[in-house]
Amino acid sequence: MIIARAPAKIIIIGEHFVVHGSHALAASIDRYITVSASHSTRDELFANGRPVKADFIFNSIDRITRGSHVKLLVKSQVPNGAGLGSSAALSLASAIAVSKLFGINPDPAFLFEVSMDSERQVHGNPSGVDVAASLYGGFVLFKRGEIRPINSAKIQFVVIDSRQRRKTRNLVNRVKKFMDFNPDLFNALVNSTDMMAEEGASAISEGKLEKLALFMNASQSFLELIGVSTPKMEKIINSLKGNIMGAKITGAGGGGCIIALPGKGSVPKGGYVVNAGVPGAYEINFGHRAQILSK
Ligand code: PMV
């Protein structure tokens, strides 16, 4: 049996616009999907002990297994449909574990491609930012065809789960409709987001957190404009004001998670945002890159 794990991610700037050509700034977080792979007589996947139909995984790893069958035991610390990249982490951890099981030493480009294949089946038109953040770990500045790791001191974000669940594919389709109705406006938002993601990456390297927070808040306005925010998410974001420098949806929106950048000074242990009266908040640290755990 081979065990591999891949981290979830947050998008700090650039979700949706990255699908249409902008850069996005993302980071892996310390919530993981762990996959144990072994040979089997049929393809089967168990998630936290329960059998799950996961054709998208088996279709994509077929280029490794070439018709042989595998059993995948999945342990997940990442909620589905919450904007934290659970499908990318699952695809990547599966691709790594199964590659090793079949004696392949996969390079990052191969793992990226196998995972993108399953992401395409789930989302339709994924940019690849989720896979890139999970594959490389830490902060990444991503654009289709380009992945740049960003050096940074430790920055604390807080993740708040709205507990609304949704499908990324539906949100990506909604944004496509907005783009088709408002092409010039959408193009301007793509260009501004591109600038904010690039300058946000520099702000992270230089520790200029006020600047990063400004971009996060602007980014939230853009996401509201293109219709992927929800009243519940906006209520949570408004309730944080005064306690944090910046806050926004992370991932596809329509529910799922919000990220907040706390103000200067230390974050009290036990949950800064919980103290601000918001249930469902948890503190995170940055995640390790996708990797083999044991063989
Ligand atoms: O909500 P998630 O984790 O599926 O994030 C999707 C990010 C999008 O930009 C909306 C889609 C993409 O492929 O980049």
Sort out which residues of the range 26-44 are more than 12 Å from the ligand (Cβ to nearest atom), under 20 Å from Ala290 (Cβ atoms) and modelled with pLDDT of 95 or more, and write them in order of number.
Ile33, Thr34, Val35, Ser36, Ala37, Ser38
Given the residues Ala82, Ala27, Ala109, Ala89, which is the only one that is farther than 16 Å from Met1 by Cβ and assigned to a strand (DSSP E or B)?
Ala27
For Gly128: the one exception among (1) touching a helix residue (DSSP H, G or I) at 6+ places or on another chain (Cβ under 9 Å); (2) within 16 Å of the ligand (Cβ to nearest atom); (3) touching a residue at least 24 places away in the same chain (Cβ under 8 Å):
(3)
Residue pairs qualifying under the 6 Å Cβ cut-off, at least six apart or on distinct chains, with the first in the range 18-39 being buried (at least 20 other Cβ atoms within 10 Å of the Cβ) and the second being modelled with pLDDT of 95 or more and of a type in the set (Phe, Trp, Tyr), are Ala24/Phe142
Could you identify the single residue in Pro126, Pro149 that is farther than 25 Å from Glu234 by Cα, under 18 Å from the mean Cα position of the chain (by Cα) and modelled with pLDDT under 95?
Pro149
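Within the range 152-193, track down each residue that is in contact with a strand residue (DSSP E or B) (Cβ under 9 Å, 6 or more places away or on another chain) and at pLDDT 95 or above.
Correct list: Thr193 only.
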Taking the options Leu189, Leu212, Leu171, Leu223, name whichever one is within 12 Å of the ligand (Cβ to nearest atom), within 15 Å of Ile13 (Cα to Cα) and either in contact with a Ser or Thr (Cβ under 9 Å, 6 or more places away or on another chain) or open to solvent by less than 10 Å² (accessible area, probe 1.4 Å) (or both).
Leu223
Please verify whether the range 196-218 includes one or more residues that are farther than 20 Å from Gly138 by Cβ, under 17 Å from the mean Cα position of the chain (by Cα) and not in a loop (DSSP other than H, G, I, E, B).
no
The range 40-58, subset out of contact with any His (no Cβ under 6 Å at 6 or more places or on another chain), assigned to a strand (DSSP E or B) and over 30 Å from Ser229 (Cα atoms), residue most open to solvent (accessible area, probe 1.4 Å)
Arg50
The residue from Leu111, Leu73 that alone is away from the ligand (no atom under 16 Å from the Cβ), closer than 20 Å to Val18 by Cβ and either open to solvent by less than 50 Å² (accessible area, probe 1.4 Å) or in contact with a strand residue (DSSP E or B) (Cβ under 8 Å, 6 or more places away or on another chain) (or both) is Leu111
Residue identified as in contact with a helix residue (DSSP H, G or I) (Cβ under 9 Å, 6 or more places away or on another chain), farther than 17 Å from Ser221 by Cβ, without any contact (Cβ under 8 Å) to a residue 40 or more places away in the chain and part of a helix (DSSP H, G or I) among Asp184, Asp180
Asp180
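The values are calculated or read from the model by the stated rules, or taken from the named source; none is laboratory data. The shown structure was predicted, so the numbers you read here are calculated from the model rather than taken from an experiment. We place every Cβ from the backbone using ideal geometry, glycine too, and count neighbours over all the protein chains shown. Note: areas computed on protein heavy atoms with side chains; ligands, DNA, RNA excluded. Shrake-Rupley method; radii C 1.70, N 1.55, O 1.52, S 1.80 Å.
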